[in-house]
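All remarks here apply to the structure that follows.
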Amino acid sequence: MSSKLPVGISIRQNNRTESIQVAFSYRGVQCRETLRLKPNKANIKYAESLRSEIVSKINRGLFKYSEYFPESPKCKLFGEHTRENITVAELLNEYTADLSRTVEPSTELRYRRSIEGQLLPEFGDILATELTPKRIRQWIKSKDCKRKTIANHLIPLVKVLRLAVVDGIIAKSPMDSISLDDVVHKEARRSDYKIDPFTPTEIEILLKAMEGQVHNAYKFAFFTGVRTSELIGLTWNKVDLPRGKVLIDQAKVERQMKGTKTGEKGEREIVLFPPALQALTDQLTYTGEGEYVFHNPRTNQSWDDDQQIRKRAWMPAIKSTRLRYRNPYQTRHTFACLMIARNENLFWIASQMGHQGIEMINRHYGKFIEEAGAQSSYEPNHDWREFC
C-alpha cells in the first residue's frame, strides 16, 4: 500500500499473501505479532486501534499477552499460559506454592504427599482441558486401598480443578461427574477400623507395664478421652488442679501446635476424674517447671507427634503385656465406653470428648449404649400414677 502506515503497524509479505503485523514493547522486549487480516484500510485501522489498546494496558500494568495472542511463543517467555496448554502439573504446583499460607502444617504435609506421590505421577502430564472423568475413574479403580484413602488423595485435585473453573481454564471440573461410591470397589468402602475398648482389667495390666511419665500420660488419656494430639500438646497453663479442670484448646501435629480439631466443639473444659487428677499430680515432679505436661522420658522434651509416642511408648508397653494390640486412639474409645457403662449422661460425655452433640456418640457407640441399657436396672424418675 502506498499510503503511510500508523506507528507500530507494518505489512508482512508472505509467499503469495500479505498480512498485518503489530509491533510494541513489553517488559523490555520488542514484540511483533501477526494478524491474519488482509492489509486493507479497515483492517489497518483495526490494527491501529488494537495496538493503542495494548499499549494503554501495558502502561497501566493490565496487559496479559495470552489474552491477545494466545498462540504466540512469547506467552511462555512472559510466564503466561493459555487454556490450551496448561497441564495438571502446573495447576498442582501453583496450588502447592501457596499451601503454607492457607492450611495448617499437618494438612500441608498430607496434601503434598498426595500431590507428589499420587496425583503428579498419574495426571501431571495431562492438559487440564483434556483431563476427563473417565481418566480419573480409571485411576480410582486401579487403587488397592480404602475409600477414605482415595478420597483424601483426591482432595487437592478437587481444589485445583475448582480453581481452574473459576480462572476460566476449564469449563467444568471432571470431578463433578464422579461419585466415589459408584467407582470404588465395595470391599474398599468398608472400613477396617473397629472400636475395640480396653476392659478395666486390661487398663490395669497395661498401666502397670508403663513407668513414670509414660504411665502418667496414658493414665490421663484413658480417663479423659483426649486425642493423642491433644495429649502431647497439653501445657501446664491449661491445667487447673485445684478446680480439677483442664482446658483443651490446642493440639500438637507434626511438631506444630494448632487449634483443636475443626468442625466439632474443639475448645472445651474437661473434668478430671480421680485417676486423671492423680496422673497430673504425679507428673508435676517431672515437668511442673516446664511448658508441656508430658515429655518423652528419653529426651525430657515434649513429644514430637503422635507417631513418636506410639512407637516409643505405647507399642513397647503393649508388647510387654502380651495384650491384643490396639492403637492409642482406643484410649479415647475406652473412656467413652467406661462412661456409657456407668450410665453417665450422653450429652456430658459428648461435651467432655469435644463433640457438638450426641450424634457422634450414638453413631460410634450405639452398640455399647444398648448393652449398658440392657444391663442396668433403670428406675423411672417420676411416679406417673397420677395418669392412671
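Does the range 130-153 hold any residues that are buried (at least 16 other Cβ atoms within 10 Å of the Cβ) and either in contact (Cβ under 8 Å) with a residue 40 or more places away in the chain or part of a loop (DSSP other than H, G, I, E, B) (or both), and which are they? Give the steps one after another, and end with the answer.
At the first step, the residues of the range 130-153 found to be buried (at least 16 other Cβ atoms within 10 Å of the Cβ) are 131, 136-137, 139-140, 143, 146-147, 150, 152-153.
Within the range 130-153, Leu131, Ile136, Arg137, Ile140, Lys143, Lys146, Arg147, Asn152 meet the criteria.
In this structure, Gly225 does satisfy being surrounded by 15 or more Cβ atoms within 10 Å (Cβ to Cβ) and at positive phi. For the range 290-310, the criterion of being modelled with pLDDT of 90 or more, under 30 Å from Lys238 (Cα atoms) and among the basic types (Lys, Arg) is met by at least one residue.
The single condition among (1) on the phi < 0 side of the Ramachandran plot; (2) not assigned by TED's automatic domain parsing to the domain that holds Thr285 that Gly168 does not meet is (1).
Please state which one of Thr107, Thr34 is at pLDDT 85 or above and assigned by TED's automatic domain parsing to the domain that holds Ala128. Outline the logic, then answer.
Numbers: Thr34 fails: assigned by TED's automatic domain parsing to the domain that holds Ala128.
Checking each option against the conditions leaves just Thr107.
Filtering the range 68-96 to residues that are assigned to a helix (DSSP H, G or I), among the charged types (D, E, K, R) and either at pLDDT 85 or above or in contact with a Phe, Trp or Tyr (Cβ under 8 Å, 6 or more places away or on another chain) (or both) leaves Lys74, Glu90, Glu94.
Does Arg110 satisfy the condition of being in contact (Cβ under 8 Å) with a residue 12 or more places away in the chain and of a type in the set (Lys, Arg)? It is true that Arg110 is in contact (Cβ under 8 Å) with a residue 12 or more places away in the chain and of a type in the set (Lys, Arg). Residues in the range 166-177 include at least one that is assigned to a helix (DSSP H, G or I) and buried (at least 18 other Cβ atoms within 10 Å of the Cβ).
For the range 189-226, how many residues are modelled with pLDDT of 95 or more and among the basic types (Lys, Arg)? Counting residues in the range 189-226 that are modelled with pLDDT of 95 or more and among the basic types (Lys, Arg) gives 2.
The set of residues in the range 301-316 that are surrounded by fewer than 19 Cβ atoms within 10 Å (Cβ to Cβ) and touching a residue at least 12 places away in the same chain (Cβ under 8 Å) comprises Asp304, Asp305, Gln308, Arg310, Arg312. For the residues Ser100, Ser114, Ser52, Ser56, the requirement of being hydroxyl-bearing (Ser, Thr, Tyr) and closer than 19 Å to Ser10 by Cα singles out Ser52. Go through the range 104-128 and report how many residues are assigned to a helix (DSSP H, G or I), within 17 Å of Leu91 (Cβ to Cβ) and in contact with a strand residue (DSSP E or B) (Cβ under 7 Å, 6 or more places away or on another chain). Result for the range 104-128: 1. Sub-8 Å Cβ pairs linking a first residue in the range 155-169 that is over 15 Å from Asn93 (Cβ atoms) to a second residue that is among the polar types (S, T, N, Q), at least 6 apart or interchain, are Ile155/Ser114; Val158/Ser173; Arg162/Ser173; Val165/Ser173, ordered by first then second residue. For the range 25-49, a residue qualifies if it is crowded, with 17+ Cβ neighbours inside 10 Å and within 18 Å of Pro70 (Cβ to Cβ), and the qualifying residues are Cys31, Glu33, Leu35, Ala47.
The values are calculated or read from the model by the stated rules, or taken from the named source; none is laboratory data. This is a predicted model, so every value here is computed, not measured. When we count neighbours, we look across all protein chains shown, and the Cβ atoms used for this are built from the backbone with ideal geometry, even at glycine.
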